[in-house]
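Student: Submitted below is the structure of interest, expressed as C-alpha cells.
The values are calculated or read from the model by the stated rules, or taken from the named source; none is laboratory data. Remember, it's a predicted structure, so these values are computed and weren't measured experimentally. Quick reminder, even Gly has a Cβ in these numbers, built from the backbone with ideal geometry, and neighbours come from all protein chains shown. Heads up: the accessible areas ignore ligands, DNA and RNA and are worked out on the full protein's heavy atoms, side chains in. Shrake-Rupley method; radii C 1.70, N 1.55, O 1.52, S 1.80 Å.
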Amino acid sequence: MKHFLPLLAFAFLPPQGAVAHPHIFVETGVKLEISKDGLLQAVEITWAYDEFYSLLIFEDRGLDGDYDGTLTQQELAQLQGFDLAWSAGFQGDTYLTRAGEALGLGAPEHLSTEVTDGRITTRHRRRLAEPQAADGIVIKAYDPTYYTAYTVNQGLEISGGCQGSITPPDLDQAYTLVEELLYAMPTDQAEAAYPEVGEAFADTIRLRCGA
C-alpha cells in the first residue's frame, strides 16, 4: 500500500482465490533525459490515476464538492504534490538497474498536477544519484506488493539518440508465482504478509544506444 493512500479500508481477496489483486491502477509515462555523450541524467514519470482512486483522493481531501470531476484552481493548488510526500524507505515505485545492479535516484521534483474527466494525472522528475551510461539500463515501474498496478502506456520519450523497448509481463508466469507463494503460507498470514510479486507484473523498459 502506498504511503499516500487515503485512510480507507480495503480487503485483499482471500488466498483461496490465488490471484494478485491490485486496488489502484496507474497509467504510466516515462521520459528519459540523456546527454549527448550517452549519460542518463534524469527520469520524468507521469502517473495517470484511475477514476475511482482519483475520487477517493478528492473525498479524502474535501475537493470537488460539486462532483463534476473538475477542480477549481484553488482546489488544484491543494492537490499539488499530494503523491510525493514519501515515507522513509519508499523507492517511488520506479526502479532502474544495469546488469542487475540498482541505480540510485534522487528525491522527486513536482512538475505538474492536472485533473481531466475526473482523473488525476501528475508528473515528477528524479535525477540519478550519479549520471550513468544509458546503454543497457533497464527500467521498471511497479509496487512490490502489487497493491498498485502500473502500466507503461502513456508514452516513452528518449533523448540523446538512444532507443527503448517496452516488454509486457508474462502474466501466466506472474500468476503462477502468486499461486505458489500464497499456497506456501498459512491462510491467516496471507493478508498481513502478502508476497511481494509486483515486479512479476511489471512492464520492462530496456535502453539501447549506438549501433
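Student: If you go through segment 1-41, how many residues are in contact with a helix residue (DSSP H, G or I) (Cβ under 7 Å, 6 or more places away or on another chain) and at pLDDT 90 or above?
Tutor: 1
Student: Still on this structure, I have one more. Which one is least open to solvent (accessible area, probe 1.4 Å), of the residues in segment 29-52 that are within 23 Å of Pro131 (Cβ to Cβ), assigned to a strand (DSSP E or B) and not aliphatic (A, V, I, L, M)?
Tutor: Gly29
Student: For residues in segment 133-150 being of a type in the set (Val, Ile, Thr) and open to solvent by 10 Å² or more (accessible area, probe 1.4 Å), which is modelled with the lowest pLDDT? Show your work before the answer.
Tutor: First, pick out the residues of segment 133-150 that are of a type in the set (Val, Ile, Thr): 137-139, 145, 148.
Narrowing further to those that are open to solvent by 10 Å² or more (accessible area, probe 1.4 Å): 138, 145.
Working: Val138: 98, Thr145: 88.
Checked segment 133-150; the qualifying residue modelled with the lowest pLDDT is Thr145.
Student: For Leu182, indicate whether it is in a helix (DSSP H, G or I), touching a helix residue (DSSP H, G or I) at 6+ places or on another chain (Cβ under 6 Å) and either modelled with pLDDT of 95 or more or open to solvent by less than 40 Å² (accessible area, probe 1.4 Å) (or both).
Tutor: yes
Student: Hey, another quick one. (1) closer than 21 Å to Leu32 by Cβ; (2) open to solvent by 60 Å² or more (accessible area, probe 1.4 Å); (3) touching a residue at least 60 places away in the same chain (Cβ under 8 Å): which one isn't true of Tyr175, the others all being true?
Tutor: (1)
Student: Is it the case that segment 78-99 has a residue that's part of a strand (DSSP E or B) and open to solvent by 60 Å² or more (accessible area, probe 1.4 Å)?
Tutor: Yes, segment 78-99 contains at least one residue that is part of a strand (DSSP E or B) and open to solvent by 60 Å² or more (accessible area, probe 1.4 Å).
Student: Being more than 19 Å from Val152 (Cα to Cα) and either modelled with pLDDT of 95 or more or in contact with a Cys (Cβ under 8 Å, 6 or more places away or on another chain) (or both) is the filter here, so list the residues in segment 116-127 that pass it.
Tutor: Scanning segment 116-127 gives a single hit, Arg127.
Student: Something else: Are there any pairs with C-beta distances below 7 angstrom linking a residue in segment 107-122 that is open to solvent by 60 Å² or more (accessible area, probe 1.4 Å) to a residue that is part of a strand (DSSP E or B) and at pLDDT below 95, with the two at least 6 apart or on different chains, and if so which?
Tutor: none
Student: Please count how many residues of segment 53-74 are open to solvent by less than 70 Å² (accessible area, probe 1.4 Å) and at positive phi. Show your work before the answer.
Tutor: Of the residues in segment 53-74, the ones open to solvent by less than 70 Å² (accessible area, probe 1.4 Å) are 53-58, 62-65, 69, 71.
Pick out the ones that are also at positive phi and you get 62, 64, 69.
Qualifying residue count, segment 53-74: 3.
Student: Another question, if that's okay. Determine which single condition Glu114 fails, assuming it passes every other condition in (1) touching a Ser or Thr at 6+ places or on another chain (Cβ under 6 Å); (2) part of a loop (DSSP other than H, G, I, E, B).
Tutor: Answer for Glu114: the failing condition is (2).
Student: Separate question: Take the residues in segment 123-159 that are assigned to a strand (DSSP E or B) and of a type in the set (S, T, N, Q); name whichever of them is farthest from Phe25 (Cα to Cα).
Tutor: Step by step, filter segment 123-159, then rank; the result is Gln132.
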